[in-house]
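Structure, as structure tokens:
The values are calculated or read from the model by the stated rules, or taken from the named source; none is laboratory data. Predicted model, so just to flag it, every value in this text is computed and none were measured. Cβ atoms come from the backbone with ideal geometry, glycine included; neighbour counts cover every protein chain shown.
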Amino acid sequence: MLDEFVGEDIQELKRLVRGELIFRSDGKAYSEAVKCFNHDSKWSPRLIVQVRGAHDVQLVLKFARARGLSVSVSGGRHMFNNASMQGDIVIDMRLMRSINIDDEERTAWVDSGCIVFDVDQEAIAHNLAAVTGQYYDTGIAGFTLGGGLGFLSPRYGLSVDNLLAVEVVTPQGELLYIDDETDPEKMWVARGAGWNLGVVLRLKLRMYPMETFQHQGKTVHGYGGFVMWPLTAETVDPIAKILQKLFSLVESGKVPLETQPLMAFANPPPGGAPVLMLQNIWVGNPAGGEAFAKIFTDILEPAVNTCAPLDWLAIQDVHTAMFVRENRYYLSTRSVNEQALFGADALRTLTMQILENKPKEGFLVMIAGGKGITDVPVENTACTTLRESKVVCMVGCHVEDDDENIPAYEKAKAWVRGTLMGGLGPICRQSVYTNLDNVGTDEVVKQSAYAETARERIAAVKKAMDPDNIFRFTKTR
Ligand SMILES: Cc1cc2nc3c(=O)[nH]c(=O)nc-3n(C[C@H](O)[C@H](O)[C@H](O)COP(=O)(O)OP(=O)(O)OC[C@H]3O[C@@H](n4cnc5c(N)ncnc54)[C@H](O)[C@@H]3O)c2cc1C
């Protein structure tokens with residue numbers, strides 16, 4: 001297939017852009033460039049431009065505006081709905097990966113093509129860390145602009161709570177520096193619905209010093225791994241007790257700030273048998289992490305316990321085992337109805353229903369985000385869902401990207417929808433965490449991802465900044 005664009009303007013774009021232009025006709029380069037983490041849906045933009053700076057972005061936007069084309073921005077391509085690949089032209093940030101750390105100020109300017117590991121690696125070299133995601137190649141920009149839940153969140157809040165400024169090229173092509181002083185309303189939008197501002201080039205993040213500990217001659221920053229209990233008819237009661245124990249700690253505000261307990265019902269490899277899994281991450285003295293796990297292992301002896309003292313980069317890599325790249329995923333993340341979930345009977349019923357009804361492709365994850373998140377008033381940032389309750393619940397399924405798996409996948413998707421609609425009792429509220437969802441239609445997500453007043457504020461900024469609606473694939477347009 002020939003390049004789809006003809007005319008002087010495309011020649012000018014090819015001549016002036018410092019980055020790379022990749023067309024559908026570019027074969028392997030194109031198929032590599034469009035790959036997203038989730039293989040459930042595949043998009044094929046007409047042109048992908050891997051930009052090297054503000055001027056490249058301005059050139060692309062000028063070209064798009066003149067032709068009335070739609071534009072999306074892509075970073076780590078981790079958004080499960082693959083929003084960053086939708087539209088005629090994709091501005092790909094991945095060639096921009098510089099990080100500048102200010103040790104004295106404990107801040108960093110991070111290029112928006114950086115992935116989580118770029119930031120973690122550079123920061124820890126300065127014995128600092130930022131609130132980044134739990135998967136090594138999640139894009140730092142998409143992660144932060146939508147909220148950003150990380151292992152440091154119990155102590156320091158979401159990534160948006162640590163976002164100090166952004167540098168943006170607006171849909172109209174203007175290069176803007178935005179912080180709380182220059183434009184508090186746009187900065188508020190940046191913190192949770194930031195993709196409505198245009199193309200974010202760089203983000204200024206707050207950083208924190210990391211305490212170190214010695215373990216067998218190695219420097220570590222904490223403790224982490226998985227604890228797994230088999231889920232069978234015989235273990236339903238103790239498993240319900242484990243969950244009840246955790247949620248009573250959550251309810252009474254007694255979960256230590258060092259940890260962000262994650263419990264998952266899943267069927268992990270190699271055997272694929274059903275388990276309850278605790279992702280036990282502890283940032284601080286490793287002895288504390290061991291003691292925290294013991295609260296639960298005293299209730300029921302686990303079949304697997306991989307926890308060990310770890311350094312920061314290894315801690316950040318623990319979660320990687322939970323998600324396989326390029327599988328097909330269908331999931332949603334909602335705030336939890338605490339009254340419905342925290343009761344002893346509800347947890348036993350939940351455990352029983354998981355045992356009886358959950359397909360092996362399905363998973364149900366409950367994350368106690370932490371006080372650092374819920375102590376911040378909901379209206380402080382545009383990211384409202386994650387602060388509504390002390391626990392968020394992710395319900396989803398995944399299969400290998402192979403057509404043979406489609407029947408099982410469709411069945412598991414039906415289970416996901418049923419579960420979200422109340423099949424397991426009224427556990428999930430309808431408010432969606434946009435960063436982790438591809439179940440909701442655009443309209444559902446638009447209506448439920450942000451509190452009503454937040455929606456109005458976001459829409460007003462979006463309308464003023466993008467009157468031609470070039471970025472028409474943002475969830476909050
Ligand atoms: C395996 C896995 C683990 C995850 N773990 C976590 C986690 O621990 N905590 C958490 O909170 N979330 C997590 N997420 C969700 C993740 O934060 C979101 O999917 C996030 O949007 C990913 O950003 P990205 O840049 O990788 O994705 P992309 O798909 O490239 O972008 C996501 C969205 O942001 C927009 N965007 C990206 N860059 C820019 C930019 N520079 N300017 C303007 N808009 C931009 C895109 O247009 C798109 O709408 C995880 C996702 C996966 C797949």
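Just a few scattered comments:
- Here the condition is being under 30 Å from Lys358 (Cβ atoms) and surrounded by fewer than 17 Cβ atoms within 10 Å (Cβ to Cβ); of Lys218, Lys245, Lys241, it holds for Lys245 alone.
- Filter result for Gly133 (touching a residue at least 60 places away in the same chain (Cβ under 8 Å) and either in the same structural domain as His78 (by TED's automatic domain parsing) or within 26 Å of Val378 (Cα to Cα) (or both)): no
- Against the conditions (1) of a type in the set (A, V, I, L, M); (2) assigned to a helix (DSSP H, G or I); (3) closer than 19 Å to Ala54 by Cα, Val189 satisfies every one except (3).
- In the range 128-137, residue farthest from the ligand (Cβ to nearest atom) [restricted to those that are of a type outside the set (Gly, Ala, Ser) and at pLDDT below 95]: Tyr136
- A single member of Lys413, Lys446 is crowded, with 18+ Cβ neighbours inside 10 Å and modelled with pLDDT of 95 or more, and it is Lys413.
- Wholly within the range 71-118, strands (runs of 3 or more DSSP E) carrying at least 3 residues that are in contact with a helix residue (DSSP H, G or I) (Cβ under 7 Å, 6 or more places away or on another chain): 71-74, 89-92
- Residue list for the range 13-40, filter: over 21 Å from Ile115 (Cβ atoms) and loosely packed, with under 15 Cβ neighbours inside 10 Å: Lys14, Arg15, Leu16, Arg18, Ser25, Gly27, Lys28
- Flag for Val391 being assigned by TED's automatic domain parsing to the domain that holds Thr333, within 16 Å of the ligand (Cβ to nearest atom) and over 19 Å from the mean Cα position of the chain (by Cα): no
- Members of the range 289-317 found to be of a type in the set (Val, Ile, Thr) and surrounded by fewer than 22 Cβ atoms within 10 Å (Cβ to Cβ), listed by number: Ile295, Thr297, Ile299, Val304, Thr306
- Of all residues making up the range 448-469, the number that are under 27 Å from Ser389 (Cα atoms) and touching a Gly at 6+ places or on another chain (Cβ under 9 Å): 5
- Of all residues in the range 377-409 being among the β-branched types (Val, Ile, Thr) and in contact with a helix residue (DSSP H, G or I) (Cβ under 6 Å, 6 or more places away or on another chain), the one that is surrounded by the most Cβ atoms within 10 Å (Cβ to Cβ): Val395
- In the set Pro274, Pro286, Pro302, Pro256, only one residue is within 15 Å of Phe226 (Cβ to Cβ) and out of contact with any Ser or Thr (no Cβ under 9 Å at 6 or more places or on another chain); that residue is Pro302.
- Members of the range 442-468 that are among the β-branched types (Val, Ile, Thr) and within 16 Å of the ligand (Cβ to nearest atom): Val445, Ile458, Val461
- Filtered by the rule that a residue be small (Gly, Ala, Ser) and either modelled with pLDDT of 95 or more or within 13 Å of the ligand (Cβ to nearest atom) (or both), the range 37-65 gives Ser41, Gly53, Ala54, Ala64.
- Test: residue in the range 259-278 that is among the β-branched types (Val, Ile, Thr) and farther than 27 Å from Thr320 by Cβ: no
- Ala382 vs. criteria in contact (Cβ under 8 Å) with a residue 24 or more places away in the chain, among the small types (Gly, Ala, Ser) and not assigned by TED's automatic domain parsing to the domain that holds Gly173: yes
- Residues being in a helix (DSSP H, G or I) and under 15 Å from the mean Cα position of the chain (by Cα) - total across the range 119-143: 4
- Residue check, Val73 surrounded by 15 or more Cβ atoms within 10 Å (Cβ to Cβ), among the β-branched types (Val, Ile, Thr) and under 14 Å from Gly198 (Cα atoms): yes
- Residue count for the range 212-228 satisfying the condition of being of a type in the set (Gly, Ala, Ser) and over 28 Å from Leu300 (Cβ atoms): 1.
- Looking only at the range 417-440, and only at residues there that are within 16 Å of the ligand (Cβ to nearest atom) and of a type in the set (Val, Ile, Thr), the one that is farthest from the chain's Cα centre (by Cα): Val439
- Sub-9 Å Cβ pairs linking a first residue in the range 354-365 that is on the phi < 0 side of the Ramachandran plot to a second residue that is among the β-branched types (Val, Ile, Thr) and assigned to a strand (DSSP E or B), at least 6 apart or interchain, are Glu361/Val399; Gly362/Val395; Phe363/Val395; Leu364/Val395; Val365/Thr333; Val365/Val392; Val365/Val395, ordered by first then second residue.
One line per residue, one yes/no per condition, for (1) modelled with pLDDT under 95; (2) in a loop (DSSP other than H, G, I, E, B); (3) near the ligand (Cβ under 9 Å from one of its atoms):
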{"residue": "Leu145", "(1), (2), (3)": "no, no, yes"}
{"residue": "Gly148", "(1), (2), (3)": "no, yes, yes"}
{"residue": "Arg155", "(1), (2), (3)": "no, no, no"}
{"residue": "Val166", "(1), (2), (3)": "no, no, yes"}
{"residue": "Pro171", "(1), (2), (3)": "no, yes, no"}
{"residue": "Tyr177", "(1), (2), (3)": "no, no, no"}
{"residue": "Thr182", "(1), (2), (3)": "no, yes, no"}
{"residue": "Trp195", "(1), (2), (3)": "yes, no, yes"}
{"residue": "Leu201", "(1), (2), (3)": "no, no, yes"}
